[in-house]
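We did not get these values from a lab; they are worked out from the coordinates using the rules stated. Quantities reported herein were computed from a predicted structural model and do not represent experimental measurements. Neighbour counts run over all protein chains shown; Cβ positions are idealised from the backbone, glycine included.
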Amino acid sequence: MSFVKKLPWTSLLLLVFTHAVFGWLVSVQAHSVWQNAIEDYSTIGEHRSTLTSLWFAGAYPTLWDISWLLLLKGIVYILLISLALTAPFQLIKNCYSSWLQSDLRAFMSVIVGSFFGVIIIGSLDVFIRILVLIAASALVRIDLQTANYSEWQAFWLLSLVSLTGYSLGIITRQFLITSI
């Protein structure tokens, strides 16, 4: 019971809402990929399949018709963010301190870092979404650390809450589209 009592509920709710919005946006993107595939198929082929006939009749895709690759990419992002935030800081410190011992390695790190900086600026809309997810997860991680949760408990809690919010966003959009 003390495990549940000392949970940081406000930051966990913020995490659920940010991941729900992320799930909603991924669902919108997956829906547009599905719609473009249907439109491309209908312009290429002379006959229309049952799926394209349903699309033009006003039927919208269900969760099973959309691209699973986009949904899985979101799950991988969430798990990587959770893992990166709960990794032991001593391990990260040792890795970076041993890597930056040489001048050549430091120079290569600057070159690679600036390359990633250009990529980030080039695709700022995607990076901002990821940055918001990282910020919400970092807030929960700090709250869990002050509540004396272990790193594995923090990882599983972050992953579970994030994936729940992500799923809620996808399912909510699917129900709203099918009900309208």
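Miscellaneous remarks
- Hits in region 122-159 (condition: closer than 19 Å to Q29 by Cβ and free of Cβ contacts under 8 Å to residues at least 24 places away in the same chain): G122, S123, L124, D125, V126, F127, I128, L131
- Breaking point among (1) within 25 Å of Y149 (Cα to Cα); (2) touching a residue at least 60 places away in the same chain (Cβ under 8 Å); (3) of a type in the set (A, V, I, L, M, F, W, C), for V76: (2)
- Single residue of L91, L79 found to be touching a Ser or Thr at 6+ places or on another chain (Cβ under 8 Å) and of a type in the set (A, V, I, L, M): L79
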